[in-house]
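Colleague: So that we are looking at the same thing, I have put the structure below in structure tokens.
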Amino acid sequence: MNCNVVKGTRDFLPKQMSKRNYIFNTIKEVYKLHGFLQIETPALENLSTLMGKYGEEGDKLLYKVLNSGNFLDKINFEDEQTTDYKKLTTKISEKGLRYDLTVPFARFVVNNRNDITFPFKRYQIQPVWRADRPQKGRYREFYQCDADIIGSDSLLNEVELCEIIDEVFESLNLKVIIKLNNRKILAAIAELIGQEDKIIDITVAIDKLDKIGYEKVCEELIEKGLSKENIIKIKPILKLQGDNKSKINTLKQLLSNSEIGQKGITELEEVFNNIERLNLNTEVEFDITLARGLNYYTGAIVEVKCKEVSMGSITGGGRYDNLTGIFGMPNVSGVGVSFGADRIYDCLEELNRFPKEISNTTALMFVNFGKEEEKQCMQWARQLRQKQISTEVYPDCVKLQKQMKYANDKQIQYVALVGERELQENKIMLKNMITGEQTLLTIDEMENLLMFK
RNA sequence: GUAUGCGUAGCUCAGUUUGGUUAGAGUAGUGGAUUGUGGUUCCAUUGGUCGUGGGUUCGAGUCCCAUCGCGUACCCCA
């Protein structure tokens, strides 16, 4: 009998849930503070909604759900297409698990456009699924925490998202760096050497600059069909150095002949100027090598790396000018970010940086001494719960040792002992499990004491 | 898809190099020291077809082959 969880998925114990909720709540608070409203969308979407939005690689990583009933009904086995798995897939599967929250959100906007006031600021915290090979910081089921603004071209939105990133990681006490780039600049680089159609290959190669170095990137570019002249032309771009301002100024000259390049640089400059005035705690860097694979980005792209832990990006996002256009609602631009809660969890765990006081366990437990005592305890417990004090009565009259151990393991701070003696006096022996102190109190005295905890 | 490492008690692991009697430890569980007191201590005790199948051998946890499962890195990404 195989009782394992599915590869790349996990069970979460109560202690882990407290930590996870701490992350979710922190992010939620910041989102709310900025006026974002929460929505949810279904786990399942039509495959036609999902396919082709994440590049060729993404299509492979989509979980496809087999049609219910006899899914072989519509298949003609004489047809040679039955041996082509891609074509066969479209016949036996019409639905899939969502791969991210952005594409379902675009679908949502188009679907609900009559009920939405634009610009629409929404947040969404839900799991997504990817059929990737699991490894450190990579799961097949993981939570994304998205905030998007749709229906506004303003670059103030990009600035606000950086502010949100800054506030979230400040609250979580994680040192991060925000990396910014712009797809228009990447497009201009491809345009510069007359290889517009190779923009994806070029950006993927450039993305590896800090990992494999300049020489290897050039090798890869040549492999992808670029000429030596092309390489010489983009060399100054790959070698771009200095602070953000000087990088931008250099690039301005290098791409002076490109209209789209100038537009990208202007956008980037405006975002940086605004960010500078806000005096964020987080370092923000212009990174020409930042590419991001998702096909739908058209303007700003952003990625956040933790400076203290070796881990892939823990937050990412960007602007998409025409994602809703695919679903029949053109000219609506959106921009958003997505916090990877599971990776943030792994970072905080590795750094041992979860606050100690985040587990919300029972405040008080009544020990069970027998039938007569438990009747009284049940009434007192009810009284305390009405005052919002989380209380439980141990359900069985078993050895005191076992009951105390239960309270101890559950980190319950107060234990109420009501035995024969206390029952006669109508009082409660309250034990503080941390200090070991015991005091004989009336129920009202105890209630007062616990309410100010 | 490519490369690589690991599967021994509920959990963490030793034992595998160099095959040799009945496979160990810590921890958790249970009972007790302690019939009104947990977290510390002490004692006892439950728990394993050594992932699965085959092979080599007088003999396999250990060597070989296959297979399943898990992890890590690349790719890509949160």
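Colleague: Among the small types (Gly, Ala, Ser) and either in contact with a helix residue (DSSP H, G or I) (Cβ under 6 Å, 6 or more places away or on another chain) or in a helix (DSSP H, G or I) (or both): is that true of residue A:246 in this structure?
Modeller: yes
Colleague: Across the range A:273-290, what is the total count of residues that are within 16 Å of residue A:160 (Cβ to Cβ) and either without any contact (Cβ under 8 Å) to a residue 12 or more places away in the chain or buried (at least 19 other Cβ atoms within 10 Å of the Cβ) (or both)?
Modeller: Result for the range A:273-290: 7.
For (1) at pLDDT 85 or above; (2) on the phi > 0 side of the Ramachandran plot; (3) within 15 Å of RNA strand B (Cβ to nearest atom), each residue gets a yes or a no:
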{"site": "A:197", "(1), (2), (3)": "no, no, no"}
{"site": "A:200", "(1), (2), (3)": "no, no, yes"}
{"site": "A:213", "(1), (2), (3)": "no, yes, yes"}
{"site": "A:223", "(1), (2), (3)": "no, no, yes"}
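Colleague: Right, something else. Identify the residue in the range A:326-360 that is of a type in the set (S, T, N, Q) and away from RNA strand B (no atom under 16 Å from the Cβ) and, among all such residues, is farthest from residue A:116 (Cα to Cα). Please lay out each step first, then the result.
Modeller: Residues of the range A:326-360 of a type in the set (S, T, N, Q): A:331, A:333, A:338, A:352, A:359-360.
So of that shortlist, the ones also away from RNA strand B (no atom under 16 Å from the Cβ) come out as A:331, A:333, A:352, A:360.
On the way: A:331: 16, A:333: 15, A:352: 42, A:360: 37 Å.
So the residue we want is A:352.
Colleague: Could you please tell me which pairs satisfy a Cβ distance under 8 Å, a separation of 6+ or placement on different chains, a first residue in the range A:160-182 that is on the phi < 0 side of the Ramachandran plot, and a second residue that is in a helix (DSSP H, G or I) and acidic (Asp, Glu)?
Modeller: Listed by first residue and then by second, the contacts come to A:171/A:29; A:178/A:166; A:182/A:267.
A quick yes/no check of all residues on (1) out of contact with any strand residue (DSSP E or B) (no Cβ under 7 Å at 6 or more places or on another chain); (2) without any contact (Cβ under 8 Å) to a residue 40 or more places away in the chain; (3) open to solvent by less than 100 Å² (accessible area, probe 1.4 Å):
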| position | (1), (2), (3) |
| --- | --- |
| A:4 | yes, yes, no |
| A:15 | yes, no, no |
| A:49 | yes, no, yes |
| A:57 | yes, no, no |
| A:78 | yes, yes, no |
| A:92 | no, yes, yes |
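Colleague: Name the single residue that is farthest from residue A:343 (Cα to Cα) among those in the range A:27-38 being open to solvent by 20 Å² or more (accessible area, probe 1.4 Å) and either in a loop (DSSP other than H, G, I, E, B) or of a type in the set (S, T, N, Q) (or both).
Modeller: Checked the range A:27-38; the qualifying residue farthest from residue A:343 (Cα to Cα) is A:35.
Colleague: Suppose the filter is touching a strand residue (DSSP E or B) at 6+ places or on another chain (Cβ under 6 Å), more than 10 Å from RNA strand B (Cβ to nearest atom) and open to solvent by less than 20 Å² (accessible area, probe 1.4 Å); does residue A:416 pass it?
Modeller: no
Colleague: Before we move on, is residue A:141 surrounded by fewer than 20 Cβ atoms within 10 Å (Cβ to Cβ) and under 24 Å from residue A:51 (Cα atoms)?
Modeller: When the stated conditions are applied, residue A:141 passes them.
Colleague: Looking only at residues in the range A:291-324 that are within 12 Å of RNA strand B (Cβ to nearest atom) and polar (S, T, N, Q), which one is least open to solvent (accessible area, probe 1.4 Å)?
Modeller: Looking at the filtered set, the residue picked out is A:315.
Colleague: Which residues, counting only those in the range A:344-385, are assigned to a helix (DSSP H, G or I) and small (Gly, Ala, Ser)?
Modeller: Result: A:381, single match.
Colleague: Restricting to the range A:100-131, what's the tally of residues that are open to solvent by 40 Å² or more (accessible area, probe 1.4 Å) and in a loop (DSSP other than H, G, I, E, B)?
Modeller: 5
Colleague: Let me ask something additional. Say we look at the range A:428-453 and pick out the residues that are of a type in the set (A, V, I, L, M) and near RNA strand B (Cβ under 8 Å from one of its atoms); which of these is farthest from residue A:377 (Cα to Cα)?
Modeller: Our first condition is that a residue be of a type in the set (A, V, I, L, M); within the range A:428-453, this holds for A:428-430, A:433-434, A:440-441, A:443, A:446, A:449-451.
Okay, now just the ones that are also near RNA strand B (Cβ under 8 Å from one of its atoms), so A:429, A:433-434.
Values: A:429: 12, A:433: 19, A:434: 22 Å.
The qualifying residue farthest from residue A:377 (Cα to Cα) is A:434.
Colleague: Sticking with this one: Out of the residues in the range A:60-92 that are at pLDDT 90 or above and touching a Leu at 6+ places or on another chain (Cβ under 9 Å), state the one that is nearest to residue A:294 (Cα to Cα).
Modeller: Among those residues, the one meeting the criterion is A:62.
Colleague: If you go through the range A:392-405, how many residues are part of a loop (DSSP other than H, G, I, E, B), closer than 23 Å to residue A:13 by Cα and either within 10 Å of RNA strand B (Cβ to nearest atom) or open to solvent by less than 90 Å² (accessible area, probe 1.4 Å) (or both)?
Modeller: 1
The values are calculated or read from the model by the stated rules, or taken from the named source; none is laboratory data. Source: prediction; values computed, not measured. We place every Cβ from the backbone using ideal geometry, glycine too, and count neighbours over all the protein chains shown. Surface areas here come from the heavy atoms of the whole protein model, side chains and all, with no ligands, DNA or RNA. Shrake-Rupley method; radii C 1.70, N 1.55, O 1.52, S 1.80 Å.
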